[in-house]
1. Helix 193-203 versus the longest principal axis of the chain: what is the Cα-based angle in degrees, 0 to 90, to the nearest 10?
2. For the peptides 51-57, 100-106, what is the packing order when you average, over each peptide's residues, the other Cβ atoms within 10 Å and list the highest mean first?
3. What does the charge count near Ala65 come to, summing +1 for each Lys or Arg and -1 for each Asp or Glu among other residues with Cβ under 12 Å from its Cβ?
4. In nm, give the distance between the simple-model label positions of Ala159 and Val228, each being 7 Å from the Cα along the Cα-to-Cβ direction.
5. As I understand it, the value is the acute angle between the Cα axis of helix 21-33 and the longest principal axis of the Cα atoms of the chain; what does it come to in degrees, rounded to 10?
6. Given points 7 Å out from each Cα along the Cα-Cβ axis, report the Glu243 to Leu144 separation in nanometres with one decimal.
7. Report, to the nearest 10°, how far helix 60-69 tilts away from the longest principal axis of the Cα atoms in the chain, using its own Cα long axis and a range of 0 to 90°.
8. From the residues Ala65, Gly103, Met161, which one has its Cα farthest along the dipole of the chain in the positive direction, the dipole being from +1 and -1 charges on Cβ of Lys/Arg and Asp/Glu about the Cα centre?
Amino acid sequence: MLFRSHPKAIIPHAFYGLKSHPALMGALDQLADNMTVSRGFFAGDNLITFNKSLGFLNDQALMQAFQRHATLPPERGALWRLATLAWAARTALRVEGDFVECGCYKGVSARIISEVVGFADLPRHYYLYDLFQHDETMPHHSMLEHSETLVDQVRERFADMSNVTITQGRVPDSLAQAKPDKIAFMHLDLNNAEAEVGALEVLFDRISPGGVLILDDFGWTGYHAQQVAEVAWMAERGYHILELPTGQGMVIK
Ligand SMILES: C[S@@+](CC[C@H](N)C(=O)[O-])C[C@H]1O[C@@H](n2cnc3c(N)ncnc32)[C@H](O)[C@@H]1O
């Protein structure tokens with residue numbers, strides 16, 4: 001079940017940059033009490049809406065995979081981001097090519113997408129890349145579950161899917177070890193401008209016309225350097241990135 005702190009609200013949690021979490025919860029209660037129609041109130045992942053349809057809550061494939069694999073507050077908070085990814089993955093099935101995620105971490109979003117589209121049975125390949133661990137020489141910040149064994153845990157998560165390749169190493173260098181010729185769906189989530197632009201340099205030309213690119217960190221102020229670099233990179237090639245309220249960026253090739 002989604003966590004509900006208020007009878008009118010869907011609150012999957014995880015907010016960032018707050019001075020006081022209880023103060024936000026109080027403000028959300030006030031907002032809910034002030035709504036004339038008590039529908040469509042969502043608050044999570046720094047996104048607050050009301051009187052919106054929230055149609056993704058009725059997406060059974062998404063919600064079942066979400067309940068199975070999104071267990072921690074940041075994963076549950078990212079529900080709307082996952083709904084974007086589910087849309088992108090389904091849309092990408094209209095064109096030729098494989099799926100890619102640069103920065104898969106625990107493999108949560110890739111696993112959810114895989115289940116939403118029944119990827120295990122598709123004649124396509126899913127390429128996942130990450131460092132999986134952190135040391136002081138690495139330019140990205142460490143994450144809670146980075147460890148020497150994380151790559152094995154991710155391999156275990158995808159053990160039932162023979163069409164998934166997991167490559168450990170630094171993007172873009174690690175793309176030399178394994179990469180698709182044609183891409184239908186690409187998710188960049190590296191929290192690092194240089195690495196993401198490096199991935200675009202190698203992979204963007206391989207995205208099929210109509211393929212979908214989602215840039216996870218694009219609209220978050222903490223990763224503004226990525227927005228600056230990616231807007232400029234895309235502009236040189238005649239593309240514009242749509243900034244979504246979830247903080248994601250989207251390009252249809
Ligand atoms: C926010 S996490 C990704 C979360 C994941 N996409 C999900 O939705 O579950 C960012 C990941 O990017 C990885 N990363 C950062 N820079 C990298 C690089 N240059 N090469 C490979 N992985 C990198 C980190 O190790 C980290 O696991």
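Since every read-out is calculated from the coordinates, none of them should be taken as a lab result. In this text, all values refer to a predicted model and were calculated from it rather than measured experimentally. Note: ideal-geometry Cβ built from the backbone for every residue, glycine included; neighbour counts use all protein chains shown.
1. Helix 193-203 and the main axis of the chain meet at about 50 degrees.
2. On the way: 51-57: 12.7, 100-106: 24.1.
Output ranking for 51-57, 100-106: 100-106, 51-57.
3. Once positives and negatives cancel, what remains is -1.
4. Taking the two extended label points, one gets 4.6 nm.
5. For helix 21-33, the angle is close to 60 degrees.
6. Once both label points are built, they end up 2.8 nm from each other.
7. That helix lies at roughly 80 degrees to the long axis.
8. The Cα lying farthest towards the positive end belongs to Ala65.
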